[in-house]
Amino acid sequence: MRIGMACKGAGRLRRAATAGALVVALFGVAACTGTAPGGPVTAGSAPASTDAPPTPTGAATGGPPAAPAQVPDVLRFTGTTLGGAAFDAAQLAGKPVVLWFWAPWCATCASQAWTVAEIAPKYRDTVPIVGVAGLGERKAMKEFVTEFDLGGTPQIEDSKGALWKRFKVTEQSIFVIIDRNGTVVHQGFLDGEALTARVAALAGA
């Protein structure tokens with residue numbers, strides 16, 4: 001009787017040991033899978049975010065470009081400089097402009113040329129001075145420009161008088177001053193001092 005009970009007790013111990021071994025084995029398998037806490041990562045899921053902010057779409061690139069200045073009728077003319085380059089007055093739109101009508105044989109023009117040569121480079125970007133040569137031969141015009149060092153200032157050849165007629169200029173030396181809005185604010189003679197003062201005032205306006 002005791003032998004039977006002992007056998008039954010041994011059987012229970014063997015079953016308990018077997019069950020315990022199975023539990024340990026299952027925990028071991030779970031520990032070897034390498035699954036991160038929180039569950040497996042689904043294929044194709046987004047990567048972890050970084051510290052870099054997202055690039056905005058349609059970001060501003062400095063704003064729209066400034067609209068070009070409207071070309072007034074008074075500056076809608078073209079010509080050719082004594083150096084042979086094409087000249088388009090439309091490029092001067094939005095700035096005050098001084099047109100100087102001169103002739104190569106004119107003594108008054110010669111006296112004013114020194115002032116033009118002196119101030120034109122200083123105000124080239126703010127108040128351009130443009131010569132309009134007429135009433136003479138091209139060769140004489142070019143010699144005048146060389147003699148008075150006017151090469152740094154645009155000098156339009158107008159031997160046919162087209163621009164002189166356009167601006168109703170009938171004598172030399174005449175200055176036509178156009179403000180930044182395209183309005184003629186002076187047309188007539190100016191000595192060197194008066195011309196310098198006018199140009200300086202326009203540059204500061």
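For region 127-141, filtered to residues that are touching a Gly at 6+ places or on another chain (Cβ under 9 Å) and part of a loop (DSSP other than H, G, I, E, B), the residue that is most open to solvent (accessible area, probe 1.4 Å) is Leu135.
Residues that are in contact with a helix residue (DSSP H, G or I) (Cβ under 7 Å, 6 or more places away or on another chain) and farther than 15 Å from Trp100 by Cβ within region 180-205 comprise just one, Gly182. Residues in region 154-194 that are under 16 Å from Val116 (Cα atoms), open to solvent by 10 Å² or more (accessible area, probe 1.4 Å) and β-branched (Val, Ile, Thr): Ile174 only. Filtering region 193-205 to residues that are modelled with pLDDT of 95 or more and of a type outside the set (A, V, I, L, M) leaves Glu193, Thr196, Arg198.
Inside region 83-111, can you point out the residues that are outside any loop (DSSP other than H, G, I, E, B) and open to solvent by 10 Å² or more (accessible area, probe 1.4 Å)? Ala86, Phe87, Asp88, Ala90, Gln91, Leu92, Ala107, Thr108, Ala110, Ser111 - these are the residues of region 83-111 that are outside any loop (DSSP other than H, G, I, E, B) and open to solvent by 10 Å² or more (accessible area, probe 1.4 Å).
The values are calculated or read from the model by the stated rules, or taken from the named source; none is laboratory data. Because the structure is a prediction, the values reported are computed rather than measured. So basically every Cβ, Gly included, is an ideal-geometry build from the backbone, and we count neighbours across all protein chains shown. The accessibility values were calculated without ligands, DNA or RNA, using every heavy atom of the protein model including side chains. Shrake-Rupley method; radii C 1.70, N 1.55, O 1.52, S 1.80 Å.
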